[in-house]
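So the structure is just underneath, and the comments pick up after that.
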Amino acid sequence: MKILFVTSECAPFSKSGGLADVAYSLPPALKRAGNEVAIITPLYRCVRAGFEESLVKVKNCKIRLGDSQIPIGLYRGDRDGVTVWFVDYAPFFNRPKLYGYDDDKLRFAMFSKAVIDLLGELDFKPEILHCNDWETALAIIYLKNDQYWNKNLQGIKTVYTIHNIAYQGQFGAKELTTTFALPEGWYDGGLGYEFEGRRDVNLMKGAMLIADAVSTVSPNYARELHNPKYGMGLEKVADMVEHKFYGILNGIDMNTYDPSLDPRLPHNFNVHNMRGKQLCKTSIQRKFGLEEEPDYPLLALVARLNEQKGIELIKEILPDMMAMGLQLIIFGQGEQKYIDFFENAKKKWPGQLGFSSNYTEQVASEVFAGADMYLMPSRFEPCGLSQMMAMRMGTVPIVHETGGLKDSVRAYSSFDGIGDGFSFVSYHSKALYLAIQEAVKIYFGDRQTFQTLQKRGMTKDFSWTKSAEEYNRMYSEIYVGGSGDPIPFEEAFAQLKEIYTQLESENHRKLNETSKKNSSLVQVEITGPGEGIFHIVLHPDSIEIISGPHQHPDATISASFEHLMGMAKGDLSADRLFMTGQMKITGNIAKAIELRSLLSPQKKNKPENEDLNRLRNLFW
């Protein structure tokens, strides 16, 4: 499949956050999975400074934004065998920073329009246009707008990935026609956003509604976005796009973060010989002015210093943490009030607390490798990559159970010994303190268990291979008759009824066993294309599949037509769809379980996995 990955930043060329790391690692993983992939991104000043000699200028051309024709340059580079296209327009991108300017809305509107206008200039026509965050949301809207009159653009499907829903691209309604050069009809066509008397346009909202598929960076974060606590005003939009919403956990480049090979580390080590990690600890203690005590537990946090990262919680319990006899490194840039606080704290606890806001990737890697435990008490965290990097380096995480932190760290249980880190559920300083206390207790009192947790983290598979498989499945679902293709309810119902009738005949004995006492009535709601409701009555000796809703169903199953068909054919896992929030069950779940062999039969001749069976028992 041909995929064009549209991003406002891409490491190593440009980086301000986790999106750059995703753009660095995901496209090569997709290529290894058999796709033809390219990246397109702005040509910033930092790209010229570090990589200009490796770039080839392809051509000069003009793109149109409203009544303006803007002269741009198109450059070509390479990242791990993946073509990277750069859009050059010096007045917008030859600046010290990537973001943070008053005209950002115009800068990225121009970039998004350039992506669409340049599709004919690239060496392949994409089948999938994969856009990320608000900065490239307009590319999806411009594509949809231009597809009506430009036949060369027709047939391209779109994916929109939310990396952090807090940054939505919300601007005054007048920008719709003046800055974004879109017809006024787009306000009611998905971009309009009215809140507390304001009439705005919301680019993220529009992209979510218009894209053929929407994804976010972890399964748990996908579920959280339906909650007003996390949805940032777009929770109802998340509900509307549920049928095409995917939660796919980010990964990291396992080779880049391999402690046995990483050239950034002062000493290398591996899971069989951890001597180098102890030497890394001594090195980072010296660098941050800490006492070089090998037996003191060393905790670290590498993050942007703001409230979302849990800094307020750390401030509240810092004296109690210092009283435990541990050491702490805080490393990162951010709000001045937090920089001032930790500068003062460093003076109050010399040799025990180290702090620096002079962030570099080099020192961050040294901290990951040298620390014993890694703090990540974020109030919310869509995915988080730092905890994965730390675990790869044998540093045990202590996290708040939110977003991707919950998906990537399994809390240690002394009852059965499972787990690879420590966590807390309630977002309060006391809960964080108790999690730290438990980790320090294991560190001092049961070093063998602590070393086991270290090695589990080092060997855990955080590679992009698994994520690329899930992205491939999503691409395939939308490109081969997926969520963008219209289908009437009558046709969708007829197809499902036919396959359910066939499955009922094949599984008649199993269905009889589950319903031998009483009848069950399960309502099935098709969301998205083919939208409608039917219900299934499971009698002791037969079933009925009836179009239309029922007033008193025992349970209701909600999923897209594609997912219902995929489950019935055995191509999709009901467990995975349930866990990622792409299938919902309300009412009496036990009644829905009775239809397991009908709605989601097991694939034939496929060996069973013990963990999968456990999930089946849990959810079905």
>> Among the residues in the range 172-194, are any of a type outside the set (Asp, Glu), open to solvent by less than 10 Å² (accessible area, probe 1.4 Å) and under 27 Å from Lys406 (Cα atoms)?
In response: no
>> Restricting to the range 274-300, give me the number of residues that are touching a Phe, Trp or Tyr at 6+ places or on another chain (Cβ under 7 Å) and open to solvent by less than 30 Å² (accessible area, probe 1.4 Å).
In response: 4
>> Pairs needed: first member in the range 262-278, touching a residue at least 60 places away in the same chain (Cβ under 8 Å); second member anywhere, open to solvent by 50 Å² or more (accessible area, probe 1.4 Å) and of a type in the set (Val, Ile, Thr); C-beta distance under 9 Å; at least 6 residues apart or different chains.
In response: Val271/Thr459
>> Being outside any strand (DSSP E or B), surrounded by fewer than 21 Cβ atoms within 10 Å (Cβ to Cβ) and over 20 Å from the mean Cα position of the chain (by Cα) is the filter here; which residues of the range 33-58 pass it?
In response: Gly34, Asn35, Arg45, Cys46, Arg48, Ala49, Gly50, Phe51, Glu52, Glu53, Ser54, Leu55
> Can you name every residue in the range 327-337 that is under 22 Å from Thr395 (Cβ atoms) and either acidic (Asp, Glu) or not in a loop (DSSP other than H, G, I, E, B) (or both)?
Replying inline: Gln327, Leu328, Ile329, Ile330, Phe331, Gly334
> In the range 285-326, what count of residues is obtained for those that are more than 18 Å from Gly351 (Cα to Cα) and assigned to a loop (DSSP other than H, G, I, E, B)?
Replying inline: 4
> Taking Glu513, is it assigned to a helix (DSSP H, G or I), of a type in the set (D, E, K, R), in contact with a helix residue (DSSP H, G or I) (Cβ under 7 Å, 6 or more places away or on another chain) and at pLDDT below 85?
Replying inline: no
>> Looking only at residues that are farther than 13 Å from Tyr142 by Cβ and small (Gly, Ala, Ser) in the range 191-212, which one is modelled with the highest pLDDT?
In response: Gly192
>> Filter the range 173-190 down to the residues that are among the small types (Gly, Ala, Ser), modelled with pLDDT under 95 and out of contact with any helix residue (DSSP H, G or I) (no Cβ under 7 Å at 6 or more places or on another chain) and list them by number.
In response: Gly185, Gly189
> When you go through Phe368, Phe355 one by one, which is the residue that is assigned to a strand (DSSP E or B) and in contact (Cβ under 8 Å) with a residue 24 or more places away in the chain?
Replying inline: Phe355
>> Condition first: assigned to a loop (DSSP other than H, G, I, E, B) and either under 16 Å from the mean Cα position of the chain (by Cα) or crowded, with 17+ Cβ neighbours inside 10 Å (or both). Now tell me which residues in the range 233-263 satisfy that.
In response: Leu234, Val241, Ile248, Leu249, Asn250, Gly251, Ile252, Asp253, Tyr257, Pro259, Asp262
> For the range 195-227, which residues satisfy the criterion of being open to solvent by less than 10 Å² (accessible area, probe 1.4 Å) and among the β-branched types (Val, Ile, Thr)?
Replying inline: Val201, Val214, Thr216, Val217
>> Looking at the structure I just gave you, is Gly354 over 25 Å from Ala20 (Cα atoms) and more than 23 Å from the chain's Cα centre (by Cα)?
In response: yes
> What helices (runs of 4 or more DSSP H), lying completely within the range 373-458, carry at least 2 residues that are touching an Asp or Glu at 6+ places or on another chain (Cβ under 8 Å) and open to solvent by 10 Å² or more (accessible area, probe 1.4 Å)?
Replying inline: 429-445
> Got a number for residues in the range 529-584 being farther than 19 Å from Glu490 by Cβ, open to solvent by 40 Å² or more (accessible area, probe 1.4 Å) and of a type in the set (D, E, K, R)?
Replying inline: 6
>> Tell me whether the range 331-339 contains one or more residues that are touching a strand residue (DSSP E or B) at 6+ places or on another chain (Cβ under 6 Å) and among the aliphatic types (A, V, I, L, M).
In response: no
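The values are calculated or read from the model by the stated rules, or taken from the named source; none is laboratory data. Note that the coordinates shown come from a computational prediction; the quantities given were computed from them, not determined experimentally. Neighbour counts are summed over all protein chains in view; Cβ atoms, including those assigned to glycine, are modelled from backbone coordinates with ideal geometry. In case anyone asks, the SASA skips ligands and DNA or RNA and just uses the protein heavy atoms, side chains included. Shrake-Rupley method; radii C 1.70, N 1.55, O 1.52, S 1.80 Å.
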